[in-house]
Amino acid sequence: MKVCLIQMNSRDSLVENLQQAENAVRSAVADTHARLVVLPELFTYLGGTKEGKREAGQVFPESGAYRLLQSLAKEYGVYLHGGSMIERDGDRLYNTTVVFDPKGSEIAKYRKIHLFDVVAPDGAVFRESDVFGRGENIVTYKVDDHIVGCSICYDLRFPELYAELSKAGADIIIAPAAFTLMTGKDHWEILCRSRAMETQTYVLATNQVGTYSENGEPRASYGHSMVVDPWGTVLARAQARTGHIVASLDFDYLNKVRADIPVQRHHVLGQ
Ligand SMILES: NC(=O)CCC(=O)C(=O)O
């Protein structure tokens, strides 16, 4: 199965971000003919202000970002994993992934479980829970015969979520992200490779890249989106610029890794 990860530089303009995403999906599909295409976290609106986030909130299924992804999935006949967008449900906002199948039908919706409430060592303050409600459900869906598990960005730091997705049968786990430059340079690759090795799955980690601002403060995302195989090897890696990467997933190889080191059968604690 061919997969394509799109690395974007989203900012605080919904209109410009949707144009950027549409152009990126069109050129990625034309270039790679991938079966599964993945966008990054908050591709519709990143940073900005609390009011801006509320205005950019998308009501499902009628709002623009939802319709755009639906029509692109159908036009190209691909599975489109919509990174995440700001979802508005009544008064509440969520950081939400929506996934469409090649007919343009919604097949999964995942709300980010672990919200990024952190003061980074460089003093940058992130308080996602000031804006977003927390998701409560573990979500998987199927691409052809393969189960795909959903996570978003900070979720990468919580191996118990990945263990649950693995128990649910995931062969692929997807992590759209807006991982910070500051933390990403030290942690991103190690986290992606660790989660892939522990779960013996393909991890598709699609990051934002470049600068934006949040409440007037400068922010930067790390880039370096990557596809990691179940052995922990990086199959494809983006640099620190917008664009896309492609990789072919080999499920015979996945089965071999699981047969060689059968960790899923050897858990004795907490399973
Ligand atoms: N958007 C996020 O969840 C950021 C997570 C992050 O940068 C980290 O270091 O963790």
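The values are calculated or read from the model by the stated rules, or taken from the named source; none is laboratory data. Note that the structure is predicted; figures quoted are calculated from it, not measured. Every residue, glycine among them, receives a Cβ derived from its backbone with ideal geometry; neighbour counts consider all protein chains shown. Note: areas computed on protein heavy atoms with side chains; ligands, DNA, RNA excluded. Shrake-Rupley method; radii C 1.70, N 1.55, O 1.52, S 1.80 Å.
Residues S194, S221: which one is among the hydroxyl-bearing types (S, T, Y), within 16 Å of the ligand (Cβ to nearest atom), farther than 30 Å from D12 by Cα and in contact (Cβ under 8 Å) with a residue 12 or more places away in the chain?
It is S194.
Residue check, L14 against (1) in contact with a Leu (Cβ under 9 Å, 6 or more places away or on another chain); (2) open to solvent by 10 Å² or more (accessible area, probe 1.4 Å), all met but one. Which one?
L14 satisfies every listed condition except (1).
Every residue, every condition in (1) open to solvent by 10 Å² or more (accessible area, probe 1.4 Å); (2) touching a Pro at 6+ places or on another chain (Cβ under 8 Å); (3) charged (D, E, K, R), yes or no:
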position	(1), (2), (3)
A24	yes, no, no
E41	no, yes, yes
K109	yes, no, yes
D122	yes, no, yes
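All but one of (1) of a type outside the set (V, I, T); (2) near the ligand (Cβ under 10 Å from one of its atoms); (3) in contact with a helix residue (DSSP H, G or I) (Cβ under 6 Å, 6 or more places away or on another chain) hold for F126; which doesn't?
In the conditions (1) of a type outside the set (V, I, T); (2) near the ligand (Cβ under 10 Å from one of its atoms); (3) in contact with a helix residue (DSSP H, G or I) (Cβ under 6 Å, 6 or more places away or on another chain), F126 misses (3) alone.
Considering each residue of the stretch 143-170, count those that are open to solvent by less than 10 Å² (accessible area, probe 1.4 Å), outside any helix (DSSP H, G or I), within 16 Å of the ligand (Cβ to nearest atom) and not hydroxyl-bearing (S, T, Y), and give that number.
Residues in the stretch 143-170 being open to solvent by less than 10 Å² (accessible area, probe 1.4 Å), outside any helix (DSSP H, G or I), within 16 Å of the ligand (Cβ to nearest atom) and not hydroxyl-bearing (S, T, Y): 2 in total.
Among the residues of the stretch 176-189, are any more than 12 Å from the ligand (Cβ to nearest atom) and surrounded by 16 or more Cβ atoms within 10 Å (Cβ to Cβ)?
Checking the stretch 176-189: at least one residue is more than 12 Å from the ligand (Cβ to nearest atom) and surrounded by 16 or more Cβ atoms within 10 Å (Cβ to Cβ).
Quick check on I174: is it part of a strand (DSSP E or B) and closer than 25 Å to G57 by Cβ?
Yes, satisfied.
Given the conditions (1) in contact (Cβ under 8 Å) with a residue 60 or more places away in the chain; (2) assigned to a loop (DSSP other than H, G, I, E, B), report the number of the one that K53 does not fulfil.
Here K53 meets the rest and fails (2).
How many residues does the stretch 224-244 hold that are more than 16 Å from the ligand (Cβ to nearest atom), open to solvent by less than 70 Å² (accessible area, probe 1.4 Å), assigned to a strand (DSSP E or B) and under 17 Å from R193 (Cα atoms)? Write out each step before concluding.
Taking the stretch 224-244 and keeping what is more than 16 Å from the ligand (Cβ to nearest atom), we get 227-239, 241-244.
If we keep only those that are open to solvent by less than 70 Å² (accessible area, probe 1.4 Å) too, we end up with 227-230, 232-234, 236, 238, 243-244.
Restricting the remaining residues to those that are assigned to a strand (DSSP E or B) gives 227-228, 234, 236, 243-244.
Subset that is under 17 Å from R193 (Cα atoms): 227-228, 234, 236.
Looking only at that region, the number is 4.
Filter the stretch 92-121 down to the residues that are among the basic types (K, R) and either under 11 Å from Y79 (Cα atoms) or not in a strand (DSSP E or B) (or both) and list them by number.
K103, K112, listed by residue number.
Test A205 against the criterion of being in contact (Cβ under 8 Å) with a residue 60 or more places away in the chain, within 16 Å of the ligand (Cβ to nearest atom), out of contact with any Phe, Trp or Tyr (no Cβ under 7 Å at 6 or more places or on another chain) and assigned to a strand (DSSP E or B), and give yes or no. Step through it out loud before you land on a result.
Numbers: in contact (Cβ under 8 Å) with a residue 60 or more places away in the chain: yes; within 16 Å of the ligand (Cβ to nearest atom): yes; out of contact with any Phe, Trp or Tyr (no Cβ under 7 Å at 6 or more places or on another chain): yes; assigned to a strand (DSSP E or B): yes.
So A205 fits the description; yes.
Mind listing just one residue for me: the one in the stretch 106-123 that is more than 10 Å from the ligand (Cβ to nearest atom) and in contact with a helix residue (DSSP H, G or I) (Cβ under 8 Å, 6 or more places away or on another chain) and, of those, nearest to P218 (Cα to Cα)?
Among them, the one singled out is D122.
Show the residue pairs meeting these rules: Cβ distance below 8 Å; 6+ apart or different chains; first residue within the stretch 59-77 and open to solvent by 60 Å² or more (accessible area, probe 1.4 Å); second residue part of a helix (DSSP H, G or I) and hydrophobic (A, V, I, L, M, F, W, C).
Within 8 Å, the pairs are Y76/V25; Y76/V29.
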